[in-house]
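Some notes on the structure that comes next.
What follows draws every value from the coordinates through simple rules; no lab data is involved. All values derive from a computational prediction rather than experimental measurement. Please note: Cβ atoms are built from the backbone with ideal geometry, for glycine as well, and neighbour counts cover all protein chains shown.
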Amino acid sequence: MTVKYRMRRVAIDDTPVDGKTNRGVSSNWAYDHVAGSDTHTLTSPVINGTVTTTGLTLPAFTAGGNVSMAFNKLQWTNFQLYDNDINAIICRNAADSEYAGFSCGLLRFSGGLLALADAVYISAIGTDDNYLTFKAKDNTVGSVEVARLQGAADPYFQMTLAMRLNPIPTASLPATPVEGMLVYDDTTNKLKVYNGTAWETVTSA
């Protein structure tokens, strides 16, 4: 048996009429639906991924503008973020009115930590007596604690290992010192402290 069919072709209406068209889709779609009461969503091409028992694997793709994801969590393994402008990756709240917090188990950086405002801080917060450690690599042992920022009834900064003051010649002592400054004068080989008026030499009893 032979079946014959005929397709009917109808011209596309390209005359915008208050957000609607007489037939089909207007060729002037963007303009045609500006004033329309029924909203339309332009859907991006489908990005195919691989679903396994451990999650969804996506291929490489490029996205422009704001990308919204209705997920409570975004999980990854060896996840990397690249900024094409070599500027910064910024974490802001949804209203873009303030910076949002960022929590991680280990923060690595190859440049530096730059404060974007005055009076920012590094703190060990949480329960009482929490502390923050500063570590350095011991050439034969590994990573060891050098200093500690200790929470307590009277918090304090502790030097766990030896502290070295960079030697400064007498002629190079700070020109506008502040009370409490401590230096090692390598001209006199003496420890000195500024009392608010003059440098005093720390002497043994």
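Tabulated data for the structure shown
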{"read-out": "The stretch 92-189: chymotrypsin sites (Phe, Trp or Tyr not before Pro) in DSSP loop, at most 14 other beta carbons within 10 Å", "value": "Phe102, Phe109, Tyr121"}
{"read-out": "P(r) histogram, all alpha-carbon pairs of the stretch 104-162 included - 5 Å bins from 0, percent", "value": "4, 14, 17, 22, 24, 14, 5, 1"}
